[in-house]
Amino acid sequence: MSLQFEIIEESPSGGRRARLNLPHQAVETPVFMPVGTAGSVKAVAQDVLETLGAQIILGNTYHLYLRPGHEAIQRMGGLHRFISWPRAMLTDSGGFQVFSLSQLRKVSDEGVRFRSHLDGSSHFFTPEHSMDVQIALGADIAMAFDECTEYPAERIRAEESLRLTMAWARRSLDHFRAHQAKVMWHDELGGRTQSLFGIVQGGMYRDLRRQSAERLVEMDFDGYAIGGLSVGEPRDLTLEMIAEVLPLLPAGKPRYVMGVGYPDEIEQYARMGVDMMDCVLPTRAARHGLLFTSEGRLNIKNKRYAEDQGPPDPACDCMVCRRYSRAYLRHLMQSGEALSGTLNTIHNLAFYLGIMRRVRTELESRLAQPAEPAATAGTTAHPR
Ligand SMILES: [Zn+2]
(Lines give C-alpha, C1' and ligand atoms only; values in the text may rest on other atoms or scores of the structure.)
Protein backbone atom coordinates (compact mmCIF):
# COMPACT_ATOMS: atom_id res chain seq x y z
CA MET A 1 0.00 0.00 0.00
CA SER A 2 1.31 3.45 -0.86
CA LEU A 3 -1.17 6.01 0.41
CA GLN A 4 -4.69 6.30 1.76
CA PHE A 5 -6.71 9.43 1.21
CA GLU A 6 -9.69 9.99 3.44
CA ILE A 7 -11.98 12.96 2.85
CA ILE A 8 -13.39 14.15 6.16
CA GLU A 9 -15.48 17.06 4.98
CA GLU A 10 -16.13 18.87 1.74
CA SER A 11 -17.41 22.42 1.27
CA PRO A 12 -19.88 23.48 -1.45
CA SER A 13 -17.03 25.41 -3.13
CA GLY A 14 -15.09 22.14 -3.41
CA GLY A 15 -12.64 22.65 -0.53
CA ARG A 16 -11.70 19.34 1.06
CA ARG A 17 -10.67 18.68 4.65
CA ALA A 18 -8.90 15.37 4.31
CA ARG A 19 -6.23 13.09 5.73
CA LEU A 20 -3.42 11.81 3.56
CA ASN A 21 -2.05 8.72 5.20
CA LEU A 22 1.57 8.31 4.07
CA PRO A 23 4.10 5.71 5.22
CA HIS A 24 5.99 8.15 7.48
CA GLN A 25 3.13 10.35 8.67
CA ALA A 26 -0.56 11.06 8.30
CA VAL A 27 -0.80 14.52 6.76
CA GLU A 28 -3.82 16.71 7.49
CA THR A 29 -4.88 18.54 4.33
CA PRO A 30 -5.11 21.08 2.81
CA VAL A 31 -1.39 21.33 3.51
CA PHE A 32 1.45 23.69 2.66
CA MET A 33 4.79 21.93 2.12
CA PRO A 34 7.98 23.92 2.88
CA VAL A 35 10.70 23.39 0.27
CA GLY A 36 13.84 21.66 1.53
CA THR A 37 15.86 22.06 -1.64
CA ALA A 38 19.12 20.26 -0.87
CA GLY A 39 17.92 18.32 2.16
CA SER A 40 17.39 21.48 4.19
CA VAL A 41 14.60 24.03 4.42
CA LYS A 42 17.10 26.87 4.12
CA ALA A 43 18.11 28.43 7.45
CA VAL A 44 15.70 26.39 9.61
CA ALA A 45 16.55 23.25 11.59
CA GLN A 46 14.32 20.18 11.52
CA ASP A 47 13.25 20.42 15.18
CA VAL A 48 12.02 23.97 14.55
CA LEU A 49 10.05 22.78 11.51
CA GLU A 50 8.42 20.19 13.76
CA THR A 51 7.57 22.83 16.35
CA LEU A 52 6.03 24.98 13.61
CA GLY A 53 3.83 22.06 12.63
CA ALA A 54 5.31 21.29 9.21
CA GLN A 55 3.87 17.88 8.32
CA ILE A 56 5.60 17.22 5.01
CA ILE A 57 8.58 18.84 3.29
CA LEU A 58 10.01 18.67 -0.22
CA GLY A 59 13.41 17.56 -1.41
CA ASN A 60 14.74 18.48 -4.85
CA THR A 61 15.92 15.44 -6.77
CA TYR A 62 18.21 17.42 -9.09
CA HIS A 63 20.19 18.95 -6.20
CA LEU A 64 20.39 15.75 -4.13
CA TYR A 65 21.38 13.68 -7.17
CA LEU A 66 24.30 16.02 -7.91
CA ARG A 67 25.29 16.44 -4.25
CA PRO A 68 25.76 14.30 -2.16
CA GLY A 69 24.36 11.79 -4.72
CA HIS A 70 21.32 9.52 -4.48
CA GLU A 71 23.43 6.39 -4.04
CA ALA A 72 25.23 7.89 -1.05
CA ILE A 73 21.87 8.86 0.47
CA GLN A 74 20.55 5.35 -0.16
CA ARG A 75 23.59 3.83 1.56
CA MET A 76 22.90 6.05 4.56
CA GLY A 77 19.34 4.75 4.88
CA GLY A 78 17.46 7.19 2.67
CA LEU A 79 16.59 10.87 2.80
CA HIS A 80 14.45 10.70 5.96
CA ARG A 81 17.30 9.22 7.96
CA PHE A 82 20.05 11.28 6.30
CA ILE A 83 18.45 14.60 7.17
CA SER A 84 16.78 13.31 10.37
CA TRP A 85 13.21 14.07 9.33
CA PRO A 86 10.80 11.41 10.58
CA ARG A 87 7.70 12.97 9.03
CA ALA A 88 6.47 12.80 5.45
CA MET A 89 8.53 13.89 2.44
CA LEU A 90 8.01 14.42 -1.27
CA THR A 91 10.66 14.60 -3.97
CA ASP A 92 10.16 16.33 -7.30
CA SER A 93 11.34 14.58 -10.47
CA GLY A 94 14.38 16.75 -11.12
CA GLY A 95 12.82 17.94 -14.36
CA PHE A 96 12.12 21.48 -13.26
CA GLN A 97 15.71 22.16 -12.15
CA VAL A 98 17.21 20.36 -15.14
CA PHE A 99 15.33 22.82 -17.31
CA SER A 100 15.84 25.92 -15.16
CA LEU A 101 19.32 25.54 -13.63
CA SER A 102 21.51 23.29 -15.72
CA GLN A 103 23.52 24.32 -18.74
CA LEU A 104 23.63 23.01 -22.31
CA ARG A 105 20.46 20.95 -22.15
CA LYS A 106 19.68 18.66 -25.04
CA VAL A 107 16.18 17.23 -24.99
CA SER A 108 15.21 14.14 -26.95
CA ASP A 109 12.32 11.69 -26.67
CA GLU A 110 14.67 9.46 -24.69
CA GLY A 111 15.50 12.07 -22.02
CA VAL A 112 17.56 15.16 -21.25
CA ARG A 113 21.31 15.52 -21.40
CA PHE A 114 22.56 18.40 -19.29
CA ARG A 115 25.61 19.83 -17.59
CA SER A 116 25.69 20.28 -13.83
CA HIS A 117 25.44 23.91 -12.69
CA LEU A 118 27.99 22.96 -9.99
CA ASP A 119 30.95 21.59 -11.93
CA GLY A 120 29.92 21.34 -15.58
CA SER A 121 29.89 17.53 -15.52
CA SER A 122 27.61 15.84 -18.06
CA HIS A 123 24.51 13.87 -17.01
CA PHE A 124 21.63 12.15 -18.76
CA PHE A 125 18.20 12.00 -17.14
CA THR A 126 15.41 9.78 -18.42
CA PRO A 127 12.03 9.08 -16.81
CA GLU A 128 13.37 5.69 -15.71
CA HIS A 129 16.49 7.25 -14.21
CA SER A 130 14.43 9.87 -12.35
CA MET A 131 12.35 7.05 -10.84
CA ASP A 132 15.49 5.13 -9.80
CA VAL A 133 16.92 8.26 -8.18
CA GLN A 134 13.66 9.01 -6.35
CA ILE A 135 13.34 5.41 -5.15
CA ALA A 136 16.92 5.63 -3.84
CA LEU A 137 16.07 8.88 -2.01
CA GLY A 138 13.01 7.17 -0.57
CA ALA A 139 10.53 10.02 -0.01
CA ASP A 140 6.89 9.08 0.67
CA ILE A 141 5.78 10.65 -2.62
CA ALA A 142 7.70 10.72 -5.91
CA MET A 143 6.79 12.75 -8.99
CA ALA A 144 6.64 11.73 -12.65
CA PHE A 145 9.42 13.12 -14.86
CA ASP A 146 7.97 16.00 -16.89
CA GLU A 147 8.89 19.04 -18.90
CA CYS A 148 7.62 22.26 -17.37
CA THR A 149 6.33 24.27 -20.33
CA GLU A 150 7.64 27.83 -20.20
CA TYR A 151 5.45 30.94 -20.40
CA PRO A 152 4.63 32.30 -22.83
CA ALA A 153 4.64 29.34 -25.21
CA GLU A 154 3.18 29.15 -28.71
CA ARG A 155 0.50 26.53 -29.08
CA ILE A 156 2.68 24.28 -31.24
CA ARG A 157 5.44 24.39 -28.63
CA ALA A 158 2.97 23.63 -25.78
CA GLU A 159 1.59 20.68 -27.78
CA GLU A 160 5.04 19.25 -28.40
CA SER A 161 6.03 19.72 -24.77
CA LEU A 162 2.83 18.00 -23.65
CA ARG A 163 3.43 15.08 -26.01
CA LEU A 164 6.81 14.56 -24.39
CA THR A 165 5.44 14.91 -20.84
CA MET A 166 2.66 12.37 -21.51
CA ALA A 167 5.08 9.82 -22.98
CA TRP A 168 7.41 10.36 -20.02
CA ALA A 169 4.48 9.98 -17.58
CA ARG A 170 3.72 6.52 -18.99
CA ARG A 171 7.38 5.48 -18.78
CA SER A 172 7.73 6.94 -15.27
CA LEU A 173 4.70 4.99 -14.05
CA ASP A 174 5.71 1.68 -15.65
CA HIS A 175 9.23 1.86 -14.25
CA PHE A 176 8.03 3.03 -10.85
CA ARG A 177 5.44 0.25 -10.50
CA ALA A 178 8.08 -2.36 -11.39
CA HIS A 179 10.55 -1.09 -8.77
CA GLN A 180 8.63 0.73 -6.03
CA ALA A 181 8.93 -2.17 -3.57
CA LYS A 182 12.72 -1.61 -3.56
CA VAL A 183 12.45 1.45 -1.34
CA MET A 184 14.70 0.97 1.73
CA TRP A 185 11.93 1.27 4.35
CA HIS A 186 9.54 -1.14 2.60
CA ASP A 187 9.97 -3.97 5.14
CA GLU A 188 10.53 -1.72 8.14
CA LEU A 189 7.18 0.01 7.53
CA GLY A 190 5.10 -3.11 7.10
CA GLY A 191 5.38 -3.48 3.36
CA ARG A 192 4.30 0.05 2.54
CA THR A 193 5.69 1.75 -0.58
CA GLN A 194 6.17 5.15 -2.14
CA SER A 195 3.42 6.83 -4.18
CA LEU A 196 3.80 8.36 -7.62
CA PHE A 197 1.94 11.46 -8.77
CA GLY A 198 1.37 12.38 -12.41
CA ILE A 199 1.77 16.02 -13.48
CA VAL A 200 -0.77 17.84 -15.64
CA GLN A 201 0.92 20.19 -18.13
CA GLY A 202 -0.37 21.89 -21.30
CA GLY A 203 0.82 25.47 -20.94
CA MET A 204 -1.99 28.02 -20.72
CA TYR A 205 -4.25 26.16 -23.19
CA ARG A 206 -7.40 24.89 -21.55
CA ASP A 207 -7.99 22.06 -24.02
CA LEU A 208 -4.39 20.85 -23.68
CA ARG A 209 -4.74 20.92 -19.90
CA ARG A 210 -7.94 18.87 -20.18
CA GLN A 211 -6.32 16.40 -22.52
CA SER A 212 -3.36 16.06 -20.19
CA ALA A 213 -5.56 15.47 -17.12
CA GLU A 214 -7.74 12.89 -18.85
CA ARG A 215 -4.80 10.88 -20.13
CA LEU A 216 -3.06 10.87 -16.75
CA VAL A 217 -6.25 9.77 -14.99
CA GLU A 218 -6.48 6.83 -17.43
CA MET A 219 -2.93 5.84 -16.47
CA ASP A 220 -4.08 5.68 -12.81
CA PHE A 221 -1.49 7.48 -10.68
CA ASP A 222 -1.67 7.57 -6.88
CA GLY A 223 -2.29 11.33 -6.97
CA TYR A 224 -2.27 14.22 -9.43
CA ALA A 225 -0.33 17.44 -9.62
CA ILE A 226 -0.91 20.50 -11.73
CA GLY A 227 2.48 21.77 -12.88
CA GLY A 228 3.70 24.55 -15.15
CA LEU A 229 1.93 27.28 -13.19
CA SER A 230 3.38 30.37 -11.50
CA VAL A 231 5.89 30.60 -14.35
CA GLY A 232 5.25 34.28 -15.02
CA GLU A 233 1.65 34.19 -16.23
CA PRO A 234 -0.98 36.59 -14.85
CA ARG A 235 -2.80 35.28 -11.81
CA ASP A 236 -6.23 35.03 -13.39
CA LEU A 237 -4.70 32.61 -15.89
CA THR A 238 -3.25 30.47 -13.08
CA LEU A 239 -6.69 30.38 -11.52
CA GLU A 240 -8.36 29.56 -14.84
CA MET A 241 -6.06 26.58 -15.43
CA ILE A 242 -6.59 25.22 -11.91
CA ALA A 243 -10.38 25.62 -12.21
CA GLU A 244 -10.29 23.84 -15.57
CA VAL A 245 -8.32 20.85 -14.32
CA LEU A 246 -9.66 20.21 -10.79
CA PRO A 247 -13.07 18.79 -11.80
CA LEU A 248 -11.34 16.31 -14.13
CA LEU A 249 -9.25 14.76 -11.37
CA PRO A 250 -10.61 11.81 -9.36
CA ALA A 251 -12.28 13.06 -6.17
CA GLY A 252 -10.81 10.26 -4.06
CA LYS A 253 -7.17 11.07 -4.78
CA PRO A 254 -4.94 13.92 -3.59
CA ARG A 255 -4.49 17.01 -5.78
CA TYR A 256 -1.31 19.04 -5.66
CA VAL A 257 -0.64 22.41 -7.28
CA MET A 258 3.11 22.86 -7.69
CA GLY A 259 5.04 26.03 -6.98
CA VAL A 260 2.31 28.36 -5.67
CA GLY A 261 2.04 30.96 -4.33
CA TYR A 262 1.29 34.14 -2.32
CA PRO A 263 -0.62 33.75 0.97
CA ASP A 264 -3.99 34.74 -0.51
CA GLU A 265 -3.43 32.37 -3.43
CA ILE A 266 -2.79 29.27 -1.34
CA GLU A 267 -5.88 30.06 0.71
CA GLN A 268 -8.01 30.51 -2.41
CA TYR A 269 -6.78 27.31 -4.06
CA ALA A 270 -7.26 25.31 -0.85
CA ARG A 271 -10.87 26.46 -0.73
CA MET A 272 -11.32 25.33 -4.35
CA GLY A 273 -10.24 21.79 -3.54
CA VAL A 274 -6.44 21.78 -3.87
CA ASP A 275 -5.05 19.50 -1.16
CA MET A 276 -1.32 20.17 -1.36
CA MET A 277 0.87 23.12 -2.34
CA ASP A 278 4.55 24.00 -2.13
CA CYS A 279 6.48 27.17 -2.84
CA VAL A 280 9.91 28.67 -2.19
CA LEU A 281 8.29 32.08 -1.73
CA PRO A 282 8.00 32.21 2.09
CA THR A 283 11.57 30.95 2.58
CA ARG A 284 13.25 32.81 -0.29
CA ALA A 285 11.46 36.09 0.42
CA ALA A 286 12.40 35.81 4.10
CA ARG A 287 16.10 35.71 3.27
CA HIS A 288 15.59 38.94 1.32
CA GLY A 289 13.83 40.59 4.25
CA LEU A 290 10.27 40.27 3.02
CA LEU A 291 7.83 39.19 5.73
CA PHE A 292 4.26 38.08 5.08
CA THR A 293 1.98 39.30 7.87
CA SER A 294 -1.70 39.65 8.73
CA GLU A 295 -1.26 43.34 7.80
CA GLY A 296 0.26 42.60 4.39
CA ARG A 297 3.84 42.44 3.19
CA LEU A 298 6.50 44.03 5.33
CA ASN A 299 9.99 44.86 4.08
CA ILE A 300 12.03 44.58 7.25
CA LYS A 301 14.95 46.49 5.67
CA ASN A 302 12.85 49.65 5.66
CA LYS A 303 14.34 52.45 7.75
CA ARG A 304 10.99 53.11 9.37
CA TYR A 305 11.42 49.93 11.44
CA ALA A 306 14.81 51.00 12.84
CA GLU A 307 13.39 51.64 16.31
CA ASP A 308 10.05 49.84 16.00
CA GLN A 309 9.64 47.84 19.20
CA GLY A 310 6.54 46.00 17.97
CA PRO A 311 6.53 42.35 16.90
CA PRO A 312 6.91 41.55 13.18
CA ASP A 313 3.20 40.60 13.05
CA PRO A 314 1.01 41.59 16.03
CA ALA A 315 -1.51 38.85 15.13
CA CYS A 316 1.11 36.08 14.95
CA ASP A 317 2.07 33.97 17.95
CA CYS A 318 5.07 32.27 16.39
CA MET A 319 8.28 31.94 18.38
CA VAL A 320 9.77 34.94 16.53
CA CYS A 321 6.83 37.30 16.97
CA ARG A 322 6.51 36.40 20.65
CA ARG A 323 10.11 37.27 21.35
CA TYR A 324 11.70 39.72 18.91
CA SER A 325 10.99 43.23 17.60
CA ARG A 326 10.93 44.61 14.09
CA ALA A 327 13.88 46.79 15.07
CA TYR A 328 15.97 43.75 16.01
CA LEU A 329 15.07 41.83 12.84
CA ARG A 330 15.98 44.92 10.79
CA HIS A 331 19.28 45.23 12.64
CA LEU A 332 20.14 41.56 11.98
CA MET A 333 19.42 42.03 8.30
CA GLN A 334 21.45 45.27 8.10
CA SER A 335 24.35 43.55 9.87
CA GLY A 336 24.30 40.50 7.63
CA GLU A 337 23.80 38.19 10.62
CA ALA A 338 22.97 34.55 9.78
CA LEU A 339 20.21 34.68 12.39
CA SER A 340 18.36 37.16 10.18
CA GLY A 341 17.45 34.57 7.56
CA THR A 342 16.56 32.06 10.25
CA LEU A 343 14.15 34.28 12.17
CA ASN A 344 12.55 35.77 9.04
CA THR A 345 12.03 32.28 7.60
CA ILE A 346 10.54 30.90 10.80
CA HIS A 347 7.94 33.66 10.86
CA ASN A 348 7.05 33.33 7.16
CA LEU A 349 6.66 29.57 7.47
CA ALA A 350 4.55 29.98 10.61
CA PHE A 351 2.36 32.41 8.65
CA TYR A 352 1.92 30.02 5.68
CA LEU A 353 1.33 26.97 7.86
CA GLY A 354 -1.11 29.05 9.92
CA ILE A 355 -3.19 29.88 6.84
CA MET A 356 -3.62 26.19 6.05
CA ARG A 357 -4.39 25.40 9.69
CA ARG A 358 -7.13 28.04 9.67
CA VAL A 359 -8.60 26.75 6.39
CA ARG A 360 -8.60 23.20 7.79
CA THR A 361 -10.36 24.34 10.97
CA GLU A 362 -12.95 26.25 8.98
CA LEU A 363 -13.66 23.28 6.73
CA GLU A 364 -13.83 21.07 9.82
CA SER A 365 -16.09 23.34 11.86
CA ARG A 366 -18.76 22.67 9.30
CA LEU A 367 -18.96 19.20 10.85
CA ALA A 368 -19.82 20.57 14.28
CA GLN A 369 -22.60 22.83 13.00
CA PRO A 370 -26.17 21.56 13.00
CA ALA A 371 -27.75 21.11 9.57
CA GLU A 372 -28.84 24.51 8.28
CA PRO A 373 -32.36 25.25 7.06
CA ALA A 374 -33.09 24.64 3.38
CA ALA A 375 -33.22 28.40 2.72
CA THR A 376 -29.44 28.54 3.05
CA ALA A 377 -28.81 25.31 1.22
CA GLY A 378 -26.05 26.99 -0.76
CA THR A 379 -23.83 26.98 2.30
CA THR A 380 -24.97 23.76 3.93
CA ALA A 381 -22.36 21.17 4.78
CA HIS A 382 -22.47 17.80 3.12
CA PRO A 383 -22.14 15.32 5.97
CA ARG A 384 -20.58 12.05 5.00
ZN1 LIG B 1 5.36 35.32 13.51
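The values are calculated or read from the model by the stated rules, or taken from the named source; none is laboratory data. This is a predicted model, so every value here is computed, not measured. Don't worry about glycine lacking a Cβ; one is built from the backbone with ideal geometry, like all the others, and counts go over all protein chains shown. We work out accessible area using only protein heavy atoms, side chains counted, and drop any ligands, DNA or RNA first. Shrake-Rupley method; radii C 1.70, N 1.55, O 1.52, S 1.80 Å.
Using a 1.4 Å probe, how large is the accessible area of Cys321, given in Å² and rounded to the nearest 10?
For Cys321, the solvent-accessible surface is approximately 10 Å².
How high is the relative contact order of the chain, in percent, with contacts defined as C-alpha pairs under 8 Å that are six or more residues apart?
18
Figure the gain on full extension for Asp308 and Ala178 (residue separation times 0.36 nm, minus the Cα-Cα span) and round it to one decimal in nm.
Numbers: separation 130, 0.36 × 130 = 46.80 nm, distance 5.90 nm.
Roughly 40.9 nm would be gained on extension.
Leaving out ligands, DNA and RNA, and with a 1.4 Å probe, what % of the accessible surface on the chain is carbon or sulfur?
Result for the chain: 50 percent of the exposed heavy-atom area is carbon or sulfur.
If you rank Asp264, Asp317 by how much accessible surface each has, with a 1.4 Å probe, what is the order from largest down? Don't skip to the end; give the middle numbers.
Details: Asp264 85, Asp317 115 Å².
Largest accessible area first, the list is Asp317, Asp264.
Please work out how much length the chain gains when fully extended from Arg163 to Ala327, using 0.36 nm per residue of separation minus the C-alpha to C-alpha distance, in nm with one decimal.
Numbers: separation 164, 0.36 × 164 = 59.04 nm, distance 5.29 nm.
Separation in residues times 0.36 nm, less the Cα-Cα distance, equals 53.7 nm.
Two decimals, Cα atoms only, Kirkwood Rh: what is Rg/Rh over region 262-307?
Here Rg/Rh amounts to 1.10.
Using the Kirkwood formula on the Cα atoms of region 198-323, what hydrodynamic radius do you get, in angstrom to one decimal?
Roughly 16.5 Å, rounded to one decimal.
Just the accessible area per residue of region 14-83, please: how many Å² with a 1.4 Å probe?
33
Using the Karplus curve 6.51 cos²θ - 1.76 cosθ + 1.60 with θ = phi - 60°, what ³J(HN,Hα) values do you get for each residue of region 212-229, in whole Hz, with x for Gly and Pro?
Computed from phi, the couplings for region 212-229 are 4, 4, 4, 5, 5, 5, 4, 5, 6, 7, 6, x, 9, 10, 10, x, x, 10 Hz.
Determine the shape class of region 115-215: with a ≥ b ≥ c the square roots of the Cα gyration tensor eigenvalues, call it rounded for a/c under 1.5, and otherwise prolate if a/b is greater than b/c, oblate otherwise.
Working: a/c = 2.84, a/b = 1.53, b/c = 1.85.
Judged from the Cα gyration tensor, region 115-215 comes out oblate (a/c at least 1.5, b/c at or above a/b).
More than 30 angstrom separation, counting every C-alpha pair in the chain; what % is that?
41
Please identify every one of the trypsin sites (Lys or Arg not before Pro) in region 267-320 that sits in a loop by DSSP and has no more than 16 other beta carbons within 10 Å of its own beta carbon.
Lys301
Over every pair of different alpha-carbon atoms in region 260-359, take the mean of 1/r and invert it; report that Kirkwood radius in Å.
Taking the inverse mean of 1/r over all distinct Cα pairs, region 260-359 comes out at 13.7 Å.
To one decimal place, what Kirkwood hydrodynamic radius in Å is obtained for region 1-158 from all pairs of distinct Cα atoms?
Across region 1-158, the inverse of the average 1/r is 17.0 Å.
Heads up, I need the accessible area for Trp168: 1.4 angstrom probe, whole protein in place, Å², nearest 10.
Trp168 has an accessible surface of roughly 0 Å² with all protein chains in place.
With θ set to phi - 60° and the Karplus curve 6.51 cos²θ - 1.76 cosθ + 1.60, what are the ³J(HN,Hα) couplings of region 285-299 in order, to the nearest whole Hz, using x for Gly and Pro?
4, 4, 5, 9, x, 9, 9, 9, 9, 5, 9, x, 7, 10, 8
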